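The values are calculated or read from the model by the stated rules, or taken from the named source; none is laboratory data. In this text, all values refer to a predicted model and were calculated from it rather than measured experimentally. Glycine also receives a Cβ, built like all others from the backbone with ideal geometry; neighbour counts cover every protein chain displayed. We work out accessible area using only protein heavy atoms, side chains counted, and drop any ligands, DNA or RNA first. Shrake-Rupley method; radii C 1.70, N 1.55, O 1.52, S 1.80 Å.
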Amino acid sequence: MAKDNKKKIRESNIPQNSGLQKKNLNKVQGQVFVFTKSLTVGELAKELNVNPSEIIKKLFLQKKLVTINNYLDDDTIGEICLEFGFDFKKEEIIDEEDFEKIKIDDKPEDLKERPAVVTIMGHVDHGKTTLIDAIRNSNLAANEFGGISQEIGAYQKQVNGKKITFIDTPGHEAFSAMRSRGASVTDIVVLVVAADDGVMPQTIEAIDHAKAANVPIIVAINKMDVPGANPDRVVNELMKHDVISEDFGGEVMVCKISAKKKEGIDELLETILTEAEMLELKANPNRYAIGTVLEAELDKGEGPKATLLVQNGTLFSSDYVVVGSTYGKVRRMTNEFKQVLKEALPSTPVSVIGLNEVPLAGDHFMAFPTEKQAKDIAEKRRLKKVNEERSQNSGVTSLENLYEKISEGQMKQLNIVVKADSTGSAEAVKASLEKLNNEQVKINVIRSAAGAITESDVLLASASKAVIFGFNVRPSALVRKKAEEEQVEIKLERIIYALIEDVENAIKGQMVKEKIELSVGQAEVRNVFKVSKVGEIAGCMVTDGVIKNNSLVHVLRNGAVVYDGEVESLKRFKDDAKEVKTGFECGIKIKNFNDVHEGDIIEAYEMVDKDNE
Ligand code: GDP
């Protein structure tokens, strides 16, 4: 789609009733004045382009006494409009802040066929992963990008001139995790059942999940190459669970395949196309994009990175998007072959960078026309989320006095916020912490996510009296200050084991006197100079505290620690400096480190006895 089309979308196809039109709603539209809320006399006068005194006079004649600041009810607004020669219309608007709830009313003529989105499910070891690989790699030879490692957790496959989108995470856990967050992305479930093993517990679970989501199933009877393969048995067993094959008068299409030998894959793909045709899947490419986050992580080099599935509309690079309760500008959008895309049509999965924070899998996203709109909406959603989380978590305490509180019976629960450099490690930390639950104290991880520690984490922790654990991530100086203000404890660790030990000791009341890191200053890298024989010098501005010529330092990129080391030399202009304070520029050479980037934060710290903190 060319630039012109993009412009057309911007001008016309704003979601109906989404509030995106709000800005223009209180204007006179032809002879019809459309309003969305009650207005004061002054506001109405301005909209109708009349003098407020004229409205006051008209109402006075009806024995209604009002001033310029009085609000008028809908009927009175209507009457006034008619008096001044306008027709009127009250329009309900749905707050765009709740964009998940916007009912999309695309006109039938705007709808275009879109590819089906397929998830592969089935019992463990029945061959889901092998099938995913077989589909991904089939006709790779004909694919000019063959061999380039895929970059995102979903991909599109061309079959007979049409596309099918496959979500890469097999199994129903991811599918239901999404669904529990209100996201339904799958149009068709391919249920893999091994011909030599038959229907197993997770096969049944997968059937239940697909049925609960009202998603049609295609059965792929796999491992047909195995000598004991018995597809008839599989078909019979499935019937007991109300999955009835077409051969027996049901609606479920069944394919016999061998994922390992790559046999029957083309037939399976064609079956998916047939099912998709029956479903008549359509979307309107001419609207602002709306869709779901499939996965997200904090990339050390590029910051928050998310795989988005566009479900309706077209996402353009340079669009402003609200995702969950964060927002950002799409700085770069790529497909599974790392090719840069300018636009992504419905059912296209894309990897996107440019968001301000790491969203959660299952979060919804929507593109907005301006940065201001995206920012305002994200902020409203963030506050709403914090309030919701606050009301869910009535709180407790900090690690330090945990044991006392437990023994005094004051405390039964330790609330924890976990932030880590990837979703995987956040989950691992969460799982390990939750194993520490015992009779005296319940460990309650109230948030666990990938990304830097943010103000929103501090607010949540403060409201829930939680301790924040940062695993391989660090807070900015601003966030650190906020935490001090709110008296929130932030514990930073780089090894899971150390983190778990902290909590374990706290529970047992064995807080050992230990050395801890005390942050003493932060400097922002503004320029990087390469000096031969010396290496890279970071031209910095000290933004907080003080940097000393022998400081220990962390190098932070997008909130994540990319290097631990020490200052080798510190200079003010050409001279060596002992220390440089906030507000001054300096040149920093970090020992054995020559990969400083502009925008990195160099954080200086000291190791101190815990009591001296
Ligand atoms: P998943 O747990 O469902 O993802 O299953 P995998 O794809 O990991 O497969 C489990 C095992 O079954 C692996 O050893 C595969 O090589 C094997 N397997 C998968 N598909 C086939 C097949 O079509 N034929 C045979 N003989 N083995 C298969």
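Some observations on this one:
- Residues in region 211-235 that are open to solvent by 80 Å² or more (accessible area, probe 1.4 Å) and at negative phi were compared, and the one that is farthest from the ligand (Cβ to nearest atom) is Lys211.
- Among residues that are surrounded by fewer than 16 Cβ atoms within 10 Å (Cβ to Cβ), among the hydrophobic types (A, V, I, L, M, F, W, C) and over 37 Å from the mean Cα position of the chain (by Cα), Val580 is not included.
- From the list Ala306, Ala296, Ala276, Ala367, the one residue that fits, being aliphatic (A, V, I, L, M) and in a helix (DSSP H, G or I), is Ala276.
- Annotation: Gln311 fulfils all but one of (1) open to solvent by 10 Å² or more (accessible area, probe 1.4 Å); (2) modelled with pLDDT of 90 or more; (3) in contact with a helix residue (DSSP H, G or I) (Cβ under 8 Å, 6 or more places away or on another chain); the unmet one is (3).
- Within region 368-385, considering residues that are in contact (Cβ under 8 Å) with a residue 60 or more places away in the chain and surrounded by 22 or more Cβ atoms within 10 Å (Cβ to Cβ), the one farthest from Ser325 (Cα to Cα): Phe368
- Identity of the residue in region 590-609, under 29 Å from Ser422 (Cβ atoms) and not in a loop (DSSP other than H, G, I, E, B), that ends up nearest to the chain's Cα centre (by Cα): Ile601
- Filtered residue count, region 551-589, keeping only those that are within 26 Å of Phe469 (Cβ to Cβ) and in a strand (DSSP E or B): 13
- Lys305 being closer than 22 Å to Gly324 by Cβ, open to solvent by 20 Å² or more (accessible area, probe 1.4 Å), touching a residue at least 60 places away in the same chain (Cβ under 8 Å) and in contact with an Asp or Glu (Cβ under 8 Å, 6 or more places away or on another chain): no
- Residue in region 460-495 that is most open to solvent (accessible area, probe 1.4 Å), counting only those that are part of a helix (DSSP H, G or I) and of a type in the set (A, V, I, L, M): Leu478
- Leading residue by the ranking (least open to solvent (accessible area, probe 1.4 Å)) among those in region 123-132 that are within 6 Å of the ligand (Cβ to nearest atom) and not in a loop (DSSP other than H, G, I, E, B): Lys128
- Sole residue being of a type in the set (A, V, I, L, M, F, W, C), touching a strand residue (DSSP E or B) at 6+ places or on another chain (Cβ under 8 Å) and in a loop (DSSP other than H, G, I, E, B), chosen from Val254, Val193, Val234, Val243: Val243
- If the condition is being more than 16 Å from the ligand (Cβ to nearest atom) and either open to solvent by 60 Å² or more (accessible area, probe 1.4 Å) or over 17 Å from Val189 (Cα atoms) (or both), then region 240-267 contributes Lys240, His241, Asp242, Glu246, Asp247, Phe248, Gly249, Glu251.
- Subset of region 438-459 [over 18 Å from Asn356 (Cβ atoms) and part of a strand (DSSP E or B)]: Lys442, Ile443, Asn444, Val445, Ile446, Ser448
- Restricting His126, His172 to residues that are at pLDDT below 80 and either closer than 22 Å to Val235 by Cα or not hydrophobic (A, V, I, L, M, F, W, C) (or both) narrows the list to His172.
- Filtering region 262-278 to residues that are free of Cβ contacts under 8 Å to residues at least 60 places away in the same chain and closer than 17 Å to Pro231 by Cα leaves Glu263, Gly264, Glu267.
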